[in-house]
1. Is it fair to say Lys87 is touching a residue at least 12 places away in the same chain (Cβ under 8 Å) and within 20 Å of Tyr129 (Cα to Cα)?
2. Quick one: how many residues across the stretch 29-42 are touching a residue at least 12 places away in the same chain (Cβ under 8 Å) and acidic (Asp, Glu)?
3. Kindly evaluate Ser99 against the criterion of being under 12 Å from Leu126 (Cβ atoms), among the hydroxyl-bearing types (Ser, Thr, Tyr) and in contact with a Leu (Cβ under 7 Å, 6 or more places away or on another chain).
4. What helices (runs of 4 or more DSSP H) lie completely within the stretch 26-138 and have 2 or more residues being of a type in the set (Gly, Ala, Ser)?
5. Under the condition of being open to solvent by 90 Å² or more (accessible area, probe 1.4 Å) and more than 18 Å from Ile137 (Cβ to Cβ), which residue from the stretch 16-49 is modelled with the lowest pLDDT?
6. Please work out which residue is nearest to Leu14 (Cα to Cα), limiting yourself to the stretch 58-85 and to residues that are open to solvent by 10 Å² or more (accessible area, probe 1.4 Å) and within 12 Å of the chain's Cα centre (by Cα).
7. Out of curiosity, is Glu51 within 14 Å of the chain's Cα centre (by Cα), charged (D, E, K, R) and over 18 Å from Ile3 (Cα atoms)?
8. Would you confirm, using the coordinates I've provided, whether Thr78 is in contact with a Phe, Trp or Tyr (Cβ under 6 Å, 6 or more places away or on another chain) and without any contact (Cβ under 8 Å) to a residue 40 or more places away in the chain?
Amino acid sequence: MKIIIINGPNLNLLGKREPDIYGNQSFEDFFKSLQEKYPNLELFYYQSNIEGELIDKIQETGFSFDGIILNAAAYTHTSVGIGDAVKAIQTPVIEVHISNTFAREEFRHHSFISPNAAGIIVGFGLKSYELALLSLIK
């Protein structure tokens, strides 16, 4: 199976950014541990702070990969374009959030991605990504 994790803005700062919310581990270290734990999967990772680049990557992988794990971060709540990109592709997308977005500011309670996602996992820290992975390889 070929699965990509696509992360949005500021997630390149994991391990440094607001550790009380996001933890102390960098995403790169976490991703390496996933690759080691699931050696039979082809796992890829992409991160961008730029909305259009995220849309390009969703379109690029959305017809050739077996699954996309997408944490669009703040764009989740603002980007009709990312929501439309998820709707336009064939590959199933699992929407992921590290924090429980429903326990945070009210603007984080709405997602433009959720209506087009195969599933949503929120609030389990970095474990949210592994839960999404497990749902795709079921």
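1. Details: touching a residue at least 12 places away in the same chain (Cβ under 8 Å): yes; within 20 Å of Tyr129 (Cα to Cα): no.
Against the criterion (touching a residue at least 12 places away in the same chain (Cβ under 8 Å) and within 20 Å of Tyr129 (Cα to Cα)), Lys87 does not qualify.
2. 2
3. Values: under 12 Å from Leu126 (Cβ atoms): yes; among the hydroxyl-bearing types (Ser, Thr, Tyr): yes; in contact with a Leu (Cβ under 7 Å, 6 or more places away or on another chain): no.
Against the criterion (under 12 Å from Leu126 (Cβ atoms), among the hydroxyl-bearing types (Ser, Thr, Tyr) and in contact with a Leu (Cβ under 7 Å, 6 or more places away or on another chain)), Ser99 does not qualify.
4. On the way: elements: 27-37, 51-61, 80-88, 127-137.
Ranges flagged: 80-88, 127-137.
5. Taking the stretch 16-49 first, the residues open to solvent by 90 Å² or more (accessible area, probe 1.4 Å) are 16, 20, 24, 32, 36-37, 39-40, 42.
Now drop any that are not more than 18 Å from Ile137 (Cβ to Cβ), which leaves 16, 20, 24, 32.
Values: Lys16: 83, Asp20: 74, Asn24: 80, Lys32: 97.
Looking at residues that are open to solvent by 90 Å² or more (accessible area, probe 1.4 Å) and more than 18 Å from Ile137 (Cβ to Cβ), I get Asp20.
6. Within the stretch 58-85, the first condition is being open to solvent by 10 Å² or more (accessible area, probe 1.4 Å), and the residues that meet it are 59-60, 63-66, 73-75, 77-78, 80-81, 84.
If we keep only those that are within 12 Å of the chain's Cα centre (by Cα) too, we end up with 73-75.
Values: Ala73: 12, Ala74: 14, Tyr75: 17 Å.
The residue in question is Ala73.
7. Numbers: within 14 Å of the chain's Cα centre (by Cα): yes; charged (D, E, K, R): yes; over 18 Å from Ile3 (Cα atoms): yes.
For Glu51, the condition - within 14 Å of the chain's Cα centre (by Cα), charged (D, E, K, R) and over 18 Å from Ile3 (Cα atoms) - is met.
8. Working: in contact with a Phe, Trp or Tyr (Cβ under 6 Å, 6 or more places away or on another chain): no; without any contact (Cβ under 8 Å) to a residue 40 or more places away in the chain: yes.
The answer is no for Thr78.
The values are calculated or read from the model by the stated rules, or taken from the named source; none is laboratory data. Computed from a prediction, not measured in an experiment: that's the story for all the values here. Every residue, glycine among them, receives a Cβ derived from its backbone with ideal geometry; neighbour counts consider all protein chains shown. For accessibility, only protein heavy atoms count, side chains too; no ligands or nucleic acids. Shrake-Rupley method; radii C 1.70, N 1.55, O 1.52, S 1.80 Å.
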